[in-house]
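What follows is calculated from the coordinates using simple rules that are stated; it is not laboratory data. The structure presented is a predicted model; accordingly, all values stated were derived computationally and were not measured. Cβ atoms come from the backbone with ideal geometry, glycine included; neighbour counts cover every protein chain shown.
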Amino acid sequence: MTAVLCSVLLMSGCGGGNNATVQSTAEPTKEPVAAETAKATDTAPAVAVGSTVKPVTFSYYSNYDWDTTEPWGKDSTTAWIRDTLKVNMTPIQSSGAAETKFSTMIASGSLPDVIMMDRGANVERLRQAGMLVALDEYLDQYPNLKNNAGEATLGMLRSDDGKLYQFPNWYTSSPNGNGGWIINRKIYKELGSPKLETYDDLYAYLKQVKEKYSDVIPLEIGAKGRGIDTMYGGFAENKPYLPKANPVGNALESIFEDPIFTENMLYASKLFREKLITQDAFTQTGNQVTEKLVTGRVAVFVEGDVVNPGRDANNALRTLDPESGYDIIWPIHKAGLDAKKITPNNYSSLGWNVLVITKKAKDPEAIFSYLDWVTGEEGQRILNFGRQGLYWDESDADGVPIQNEAGLNTPQADKDKERIGRFNWVGNTTFIDQTKALMDAQLPEEKQNWTTLAQKKVTWNTSKNFTEFANLDPLPDSEEGTIATAVNDIYQEVFAKALYAKSDDEVRSLLSKANEDAKRAGYGKLLKFQTERWQNNLSKMK
């Protein structure tokens, strides 16, 4: 994930990941657990707020270059947590060099108490070195995680020794996703609102934009060209993009031999050659993409997250001109395919990333008690919608906050200043998505959240369950890990070269050479390893 997508996911509570037909294995709790605050019928809770949380102070490190952990207690939510629950956090920053910082902490033994990180290889690196606390003994005493994530999801997160070391963030039992296509409303209307459903329609439309608007990017594909991955989902039915591999039958095969991948790269290269795609895709930053959007200089935007930048751009443009802004559309696809089976988004019941508690922590149980409270209904309400009394005073029988006058009348931009959602490290996607949709319905249509509407209308309906493909990466210092690094380098190089290719024949030649280079680097052994992991996942899910 790039900086833009990841920071948005941390803040938004928007349901995950990059990219809904398969039922998730997670089983959300049907009733609130006894330790939680009772569903509010008035402002006086039946159980003390946060009664399961043990007072604790801990250090926290987010293992991402792009992420800066904000000070604790400077916003109203964490100030309330500090004062009411007696929980304090000391941030440790990556300072834009997470890999170096992480390696140094391991080598020196100076680990923080809590680390947010990707699932998989680095977690196992710490576990095998005996640096992590197993969480199993806390699951029954503090049952929100167990009840909400479900045993099947926790089983997928367990290490080879059978123990659970990872506390998932944005786990889910329902489809989610933020990726897809948005269009500039005003430009589309001025060009006659033509049919925009297939890739042929898109090509014709982008040519119109280029001819009439010299200062507008016809198709924006985001930083590092990430939108091309989203485009892939439109060239086949029920087939969102799986990086570096192509599932065929019961095996994973070379992505460079995938005809869908080739077709996608041919189309993207054609658009690039004709200057219908932004020409600085591999040099621009996320902030530069945002600036183009908020100034209305993008006609069509495709990316793994369009609903969050789309909301900000739509709001900014409409303050200047009520007729301008952005609209989400159903994913564009290849002619002849069933539009209802186009899934550019994927989701995993495991969510996005995880938190681990290290053996440096003096009181790991207290830390777990806080995280478990956060991931329960009470914690999710407060972390995502603000403390009780700010924008809501009561919640209904389903735990949905009932917005008060301030909640109904405060613009979203002002609410965002409260940093609500910024410290929700163990998001419960299903609860938050369902809750915010019901809260939004309390508002008149003109005040409803653009992001939530876009998700309900399109992105959640165009997302496929990809839980079976979780945890495929090998350890970095293993033979397969070394191969994976080499294959990734080959992939990144050919991805950029193919976009800049002068002809279709050059695209095909580049992909063929990349395939041969990857084979020489040991790609076959890596694919065999990943296939075994995939099949093991399927066995666990059964």
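Most exposed first by the Cβ proxy, i.e. fewest other Cβ within 10 Å, how do D215, D305 rank? Mind dumping the intermediate values first?
Values: D215 7, D305 30.
Result, fewest neighbours first: D215, D305.
Among K360, K239, what is the fewest-to-most ranking by other Cβ atoms within 10 Å? The partial results should precede the final answer.
Numbers: K360 17, K239 20.
Lowest count first: K360, K239.
Would you work out the Kirkwood radius for region 180-222? I mean one over the mean of 1/r across all pairs of different Cα atoms, in Å.
Numbers: mean 1/r = 0.0930 Å⁻¹.
Value: 10.8 Å, from the Cα pair sum.
By count of other Cβ within 10 Å, fewest leading, how are L443, L371 ordered? Could the numbers behind the result be given before it?
Details: L443 15, L371 24.
Neighbour counts put them in this order, fewest first: L443, L371.
Once R0 is set to 60 Å, what does the formula 1/(1 + (r/R0)^6) return for the Cβ-Cβ distance between D201 and A134, expressed as a FRET efficiency to the nearest 0.05? Don't jump to the answer; show the numbers that get you there.
Details: r = 54 Å, r/R0 = 0.90.
According to the calculation, E is roughly 0.65.
Over its Cα atoms, what ratio of radius of gyration to 2.2 N^0.38 Å does region 76-198 give? Spell out each step's value before the answer.
Values: Rg = 21.5 Å, N = 123, 2.2 N^0.38 = 13.7 Å.
It is 1.57.
In vacuum, with every alpha carbon of region 249-356 counted as one equal point scatterer, what does the Debye formula give for log10 I(q)/I(0) at q = 0.14, 0.15 Å⁻¹? Two decimals, please.
For region 249-356, the Cα-only Debye profile gives -0.84, -0.95.
With the Cα gyration tensor of region 371-479 giving a ≥ b ≥ c as the square roots of its eigenvalues, does the rule (a/c under 1.5 for rounded; else a/b larger than b/c for prolate; else oblate) give rounded, prolate or oblate?
On the way: a/c = 2.28, a/b = 1.70, b/c = 1.35.
Cα axes put region 371-479 in the prolate bin.
Report the per residue volume, in Å³, of the convex hull enclosing the C-alpha atoms of region 180-345. Write down the numbers at each step before the final one.
On the way: hull volume 18.5 nm³, N = 166.
Considering the Cα atoms of region 180-345, their hull volume per residue is 111 Å³.
With the cut-off at 1.5 for a/c, could you classify region 359-419 from its C-alpha gyration tensor as rounded, prolate or oblate? If you can, show how the numbers build up before the last one.
Details: a/c = 4.11, a/b = 1.95, b/c = 2.11.
Judged from the Cα gyration tensor, region 359-419 comes out oblate (a/c at least 1.5, b/c at or above a/b).
Starting from region 194-286, pick out the trypsin sites (Lys or Arg not before Pro) whose DSSP state is loop and whose Cβ has at most 11 other Cβ atoms within 10 Å. Before the final figure, lay out each step's value.
Working: sites: K195, K207, K210, K212, K224, R226, K244, K270, R273, K275; in loops: K195, R226, K244, K275.
The qualifying sites are K195.
Per Stokes-Einstein, at 37 °C and 0.692 mPa s, what whole-number D in µm² s⁻¹ belongs to the chain, with the Kirkwood radius over Cα pairs as the hydrodynamic radius?
In µm²/s, the coefficient rounds to 135.
Starting from the Cα of K224, draw a straight line to each of the lysines and keep only those under 18 Å, dropping any in the same chain fewer than 8 residues away.
In chain and number order, the partners are K244, K270, K275, K292, K497.
Want the number for V294 to T104: 0.36 nm per residue separation, take away the alpha-carbon distance, what's left?
Working: separation 190, 0.36 × 190 = 68.40 nm, distance 3.97 nm.
Contour length minus the Cα-Cα distance gives 64.4 nm.
Give the percent of DSSP beta bridges with both residues in the chain that are antiparallel, rounded to the nearest 5. Display every interim value, and only then the final one.
Working: 21 of 39 bridges.
Antiparallel bridges: around 55 percent, rounded to the nearest 5.
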